[in-house]
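Colleague: This structure is in structure tokens; I'll ask about it shortly.
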Amino acid sequence: MSPAVSPAVPPRHMDSVLAILEALESPDRGGSPGTAAALGRGLGVCSTPGCRAVLGEPPGTPERPVALTLGQWQLLTELLRHDPATPELGAVLAPDGSTVALGPLLAGIEAGLRSGGYGPPLRTLDPPADPLLAVTISEALGTSFLLAQAGYNNATTLGPGGCWDNVENPQNYTLRGPLSPVPDPVAVGAMDGVVLGARLARGPLPVAELLRGYYGTRNGSEAGRPPSSYRRRDFGELTGQGRLEKEVAAVLEVLRTLSPSLELLRDMGTQEVVAVARRAAQEFSKRYVECPAIMPRCMWGARPYRGTPTPLRPPLGSVFLHHTLEPSQPCWTFGACARAMRDMQRFHQDTRGWDDIGYSFVVGSDGYLYEGRGWHWVGAHTKGYNTQGFGIGIVGDFTASLPDPDTLALVRDELLPCAVRSGHIQPDFTLRGHRQLVHTDCPGNALFQEIQSWPGFQ
């Protein structure tokens, strides 16, 4: 008797999920925009008390739809069976390089479809709370900070991030630190669930089509950033810290009336609940809305550091701005920016003989920062000044033209203020172009002219 052959399970990439959604939604096979959301709930999405209070009790365990192969069904089942202890199993790699938990994404999509009039109406919560935020982020966030306040097992409140074993064929995602109820993929999936749920509330459309437009495709063209790379901005515009705080407080009051959560809230007054909600909203906003996303070294395929890095002593007083010159063209996709990082690291290590890529961080035109030496280790970016500041390189040659406005804003309005707030640079830091300290044309005439109007320029 031949051994059982496991079905070909597609990689844990958003493209695999899109193929599944397209098969499920195909009208030729009896599908519709709500099919995937209903299936997701049957498989375990939305298993928390607050989410069930909004979307209702899950339907019974579903059978494999004929539209899906055995491998697709196995992948979907593994991704959607909710287990708070292993949230990394519910995550997929998106084309923009972010890692997205499908649970809060699909819950937000279902809430959006139903508030847009597609499917049964949503239940009204008492006291009132926004159903879209309840099923995506406010219950998870409130519960996380409640557990930490109660001192459960030294509970952490947010994070960690993690890394894939292989970005071309992602199979395993490993978290890089102690687990909270809101690890990075859950935060990202929740923000995407809010942004896309709000879009569906204005009128339903095929979910696969919506997601394909939002995330782009893995082999995305170099024409521009996918909408998903703006999730922090878009989520911030939809919620704002004040509204998020109000909704976390509201959902905790809803949980007070639902038995499994009673114990945590039993001895807490309204003012204490408001204080937990304020802290939760502030810390979430600080980490996921006001600061830019950073691609860790493991995501762009960095080689190891050679030798022993020297620690920095923050807060530092300076930031030095560079252009990479090579590659000379901005990179607009995760794949292109990750290749640029590997090329630069190879050049810096093999040709220049340095221990590692020289920059502290590199900025792509895809909306992400890429970790070089990072916040903690002395770089090799500005000879004679490497211990005094961080070296930020922007991918491209900016002698005659500028980076696009969004990339400039990412550095000026997000990275620099965030670095001050998080204690990496001093509030009265100085910003200089590379050419002010070393004999070089870097960061290019156009970019050097531009940064002279920025805060901190000296």
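Colleague: Return the residues of segment 345-376 that are in contact with a strand residue (DSSP E or B) (Cβ under 7 Å, 6 or more places away or on another chain) and either closer than 23 Å to PRO227 by Cβ or crowded, with 17+ Cβ neighbours inside 10 Å (or both); say none if nothing qualifies.
Modeller: First, pick out the residues of segment 345-376 that are in contact with a strand residue (DSSP E or B) (Cβ under 7 Å, 6 or more places away or on another chain): 358-364, 368-372, 376.
Result: GLY358, TYR359, SER360, PHE361, VAL362, VAL363, GLY364, TYR368, LEU369, TYR370, GLU371, GLY372.
Colleague: Now a separate question. Name the single residue, out of those in segment 154-188 being in a helix (DSSP H, G or I) and of a type outside the set (Gly, Ala, Ser), that is most open to solvent (accessible area, probe 1.4 Å).
Modeller: ASN154
So that you can scan it fast, the table gives a plain yes or no per residue for (1) among the aliphatic types (A, V, I, L, M); (2) farther than 23 Å from ALA338 by Cα; (3) over 20 Å from the mean Cα position of the chain (by Cα):
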{"site": "GLY161", "(1), (2), (3)": "no, no, no"}
{"site": "THR174", "(1), (2), (3)": "no, no, no"}
{"site": "VAL195", "(1), (2), (3)": "yes, yes, no"}
{"site": "ALA198", "(1), (2), (3)": "yes, yes, no"}
{"site": "LEU205", "(1), (2), (3)": "yes, yes, yes"}
{"site": "GLY213", "(1), (2), (3)": "no, no, no"}
{"site": "SER228", "(1), (2), (3)": "no, no, no"}
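Colleague: Follow-up. For segment 226-241, how many residues are in contact with a helix residue (DSSP H, G or I) (Cβ under 8 Å, 6 or more places away or on another chain) and either open to solvent by less than 30 Å² (accessible area, probe 1.4 Å) or over 20 Å from GLY213 (Cα atoms) (or both)?
Modeller: Qualifying residue count for the region: 7.
Colleague: Moving to a separate point now. Enumerate the pairs (first residue in segment 344-365 and assigned by the TED database to the domain that holds CYS442 and in contact (Cβ under 8 Å) with a residue 12 or more places away in the chain; second residue anywhere and in a helix (DSSP H, G or I) and β-branched (Val, Ile, Thr)) with beta-carbon separation below 7 Å, excluding pairs fewer than 6 apart on the same chain, so at least 6 apart or on different chains.
Modeller: Close Cβ pairs (under 7 Å, with a partner that is in a helix (DSSP H, G or I) and β-branched (Val, Ile, Thr)) amount to VAL363/THR407; VAL363/VAL411; SER365/THR407.
Colleague: So which residues in segment 38-50 are in a helix (DSSP H, G or I) and either more than 18 Å from ALA107 (Cβ to Cβ) or open to solvent by 10 Å² or more (accessible area, probe 1.4 Å) (or both), if there are any at all?
Modeller: Initial filter on segment 38-50 (in a helix (DSSP H, G or I)): 38-43, 49-50.
ALA38, LEU39, ARG41, GLY42, PRO49, listed by residue number.
Colleague: Among the candidates ALA23, ALA53, ALA19, which residue alone is on the phi < 0 side of the Ramachandran plot, in a helix (DSSP H, G or I) and touching a Gly at 6+ places or on another chain (Cβ under 8 Å)?
Modeller: ALA23
Listed here are the residues, each with its yes/no results for (1) open to solvent by less than 40 Å² (accessible area, probe 1.4 Å); (2) over 18 Å from ARG243 (Cα atoms); (3) at pLDDT below 95.
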residue	(1), (2), (3)
ALA85	no, yes, yes
ALA94	yes, yes, no
ALA101	yes, yes, no
PRO104	yes, yes, no
THR136	yes, no, no
GLN149	no, yes, yes
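Colleague: Now a separate question. Any idea which residue in segment 61-75 is nearest to VAL9 (Cα to Cα), counting only those that are open to solvent by less than 60 Å² (accessible area, probe 1.4 Å) and either of a type outside the set (S, T, N, Q) or in contact with an Asp or Glu (Cβ under 7 Å, 6 or more places away or on another chain) (or both)?
Modeller: If we take residues in segment 61-75 being open to solvent by less than 60 Å² (accessible area, probe 1.4 Å) and either of a type outside the set (S, T, N, Q) or in contact with an Asp or Glu (Cβ under 7 Å, 6 or more places away or on another chain) (or both), then GLY71 is nearest to VAL9 (Cα to Cα).
The values are calculated or read from the model by the stated rules, or taken from the named source; none is laboratory data. Computed from a prediction, not measured in an experiment: that's the story for all the values here. Neighbour counts are summed over all protein chains in view; Cβ atoms, including those assigned to glycine, are modelled from backbone coordinates with ideal geometry. Side chains are part of the model used for accessible areas, which takes the heavy atoms of the whole protein and leaves out ligands, DNA and RNA. Shrake-Rupley method; radii C 1.70, N 1.55, O 1.52, S 1.80 Å.
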